[in-house]
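Reading through the C-alpha cells given below for one structure.
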Amino acid sequence: MLLEALRADARLAEWLRDLEGEGAPRAEAVLPDADELADILLDLSVAHEHVNEFVALRSRLAADPEAMTLLTRCVARFVRDMGEIGRGWEPPAFPASTGPLGRCFHLYVFVAALPYVRAYHHARGIPDDVSRRTLADLGRHVAVHRRRLGTAGLLFPWWIALHFHGELFQLGRLQFQRARLGRRTGRAVAAAGLGSGPGDPCLSVHIADFRGPLSPAACERSLALAREFFARHYPDERYEVAECHSWLLDPQLGRYLPADSNIMRFQERFRVAYQETTPDDGVPVGFVFGDPELPTRDLPRRSAVERAVGDHLRDGGHWYVGHGWFAL
C-alpha cells in the first residue's frame, strides 16, 4: 500500500506526521469518477496515451482508504491559503518505491483541488482562457516526466502547486508568478532608484518549454498581457518590477549565440542583479536535452543552443544561473 512505502522513508514519514498533526481536514476532496476523470485530464492537456493509465490508477487509489485520507489531507492543506503569495504548499516527490501510484499521486491531488482553484479564479474574474492555459501546464509536466523517464507522472509537483494555488499564470509565451523581491535582487532594484526593494511585490518570469520560439514579439505580447492582467485582477497589488532567475541569463551564452538570437534578445531585457558563483550544469542540460544526467560527451549538436550548451561543457566550462530584473 502507498502509505507503507511512504512511512519506510524517514523524510516522508516525518512529512506524514506533520500533515496528520494538523487535525481533521477542513476541506472536502472529491475524486472524479472514471468517465469524468478522462475528460478532466484532456482539459488539462494530459496526452491521450496517458489517460487510460491515470484512469486505471484511480481505481487503485479509491480502493486504498489510507491513500484516500492522505489525498483529502493534501487537498485541504493545499487550498487553505489559496492565492496568498508564498503561503502555498510544496508537496514532495515520492520515491520510486511507491510505484506507479506514488509517482502519479499528486496529479490526483491537483484534480481534486480543481473546484477550489476554479472558484478562486472566478472570484478574481480571471478569464476562462487564462485559467485553462495556466492549469494545462499540468499536462505539459506529465510530458516532461515522459520525456525524461519514459513513464507518466509528475517530476516536480511543487512547481505545479504554484499554478493551482493562484500564484502563477500563463499569459502568452511566458509565465508570470506573483512573488516578492528577494534581498539581493531587491537591493539592486532599490539602488537603481525605483520605488521597490526587498520584500516588495514583483512578477517572476518563467519560460516554459513545448511553447514555441522565445521570440521578441511573443515576449512583448506576454508582457503587455501581464500588465493588463495583474492591474485588472489584482488591483490591490502593485507590480512595477519583473525578475527572472534562469540559466538563460548567463552572459556566457553571448560567446556562442548571435546577438539577434531569441535567447540573447530575451537576456538583454534584464539588468543584472547578481550572478551565481556555484555552477549548475544540470539545469541547462535538463532544459535543453530533457535529462540533466546525460553524459556531456553524448550531448547532440542539432541546434545553436544545443551546440552552445554542449560545446561549452566539453571545453571544460560551466553554466551558472543568472538573476536579473527590469521595470514593467
State the answer as a single residue: which of Trp89, Phe54, Pro100 lies farthest towards the positive end of the charge dipole of the chain, with beta carbon charges of +1 for Lys and Arg and -1 for Asp and Glu, about the Cα centre.
Trp89
Along the positive direction of the dipole of segment 121-189 (beta-carbon charges: Lys, Arg +1; Asp, Glu -1; about the Cα centre), which of Phe176, Gly186, Gly139 reaches farthest?
Gly186
Run the helix sum for the chain: -39,500 (n - 2.57) per DSSP H stretch of 4+ residues, divided by residue count, reported at 222 nm to the nearest 500 deg cm²/dmol.
-15000 deg cm²/dmol
Evaluate the distance, in nm, between pseudo-label points positioned 7 Å from the Cα of Ala10 and of Ser215 along their respective Cα→Cβ axes.
5.4
Over segment 1-166, what is the relative contact order in whole percent, taking alpha-carbon pairs under 8 Å and six or more residues apart?
29
For the chain: relative contact order, % (alpha-carbon pairs under 8 angstrom, 6 or more apart):
14
Expressed in nanometres to one decimal, the distance between label points 7 Å along Cα→Cβ at Ala62 and Arg184 is 5.0
For the pair Glu49 and Glu276, the simple spin-label estimate (label points 7 Å beyond Cα toward Cβ) gives in nm 3.1
Roughly how many debye, to the nearest 20, is the charge dipole of segment 1-166 about its Cα centre, given +1 on each Lys and Arg Cβ, -1 on each Asp and Glu Cβ, and no other charges?
440
Given +1 on the Cβ of Lys and Arg, -1 on the Cβ of Asp and Glu, and no further charges, what dipole in debye does the chain carry about its Cα centre, rounded to the nearest 20?
740
Note the listed values (i) 27, 48, 22, 2, 0; (ii) 28, 57, 14; (iii) 30, 59, 11, 0, then indicate which one is P(r) over Cα pairs in 20 Å bins from 0, in percent calculated from this particular structure.
(ii)
So, by mean Cβ neighbours within 10 angstrom, what's the order for 311-320, 222-231, 108-117 with the highest one leading?
108-117, 222-231, 311-320
Once you have a ≥ b ≥ c as the square roots of the Cα gyration tensor eigenvalues for segment 167-328, tell me rounded if a/c is under 1.5, and otherwise prolate or oblate according to whether a/b is larger than b/c.
prolate
Near Arg7, within a Cβ-to-Cβ distance under 12 Å, what is the net charge of the other residues, with Lys and Arg +1 and Asp and Glu -1?
-3
Measuring from the longest principal axis of the C-alpha atoms of the chain, the long axis of helix 65-79 (C-alpha) lies at a number of degrees, nearest 10, equal to 40
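Any read-out appearing in this document is the output of simple, stated calculations on the displayed coordinates, not a laboratory observation. Small disclaimer: the values here were computed from a predicted structure and weren't measured. All Cβ positions, glycine included, derive from the backbone under ideal geometry; neighbour counts span all protein chains shown.
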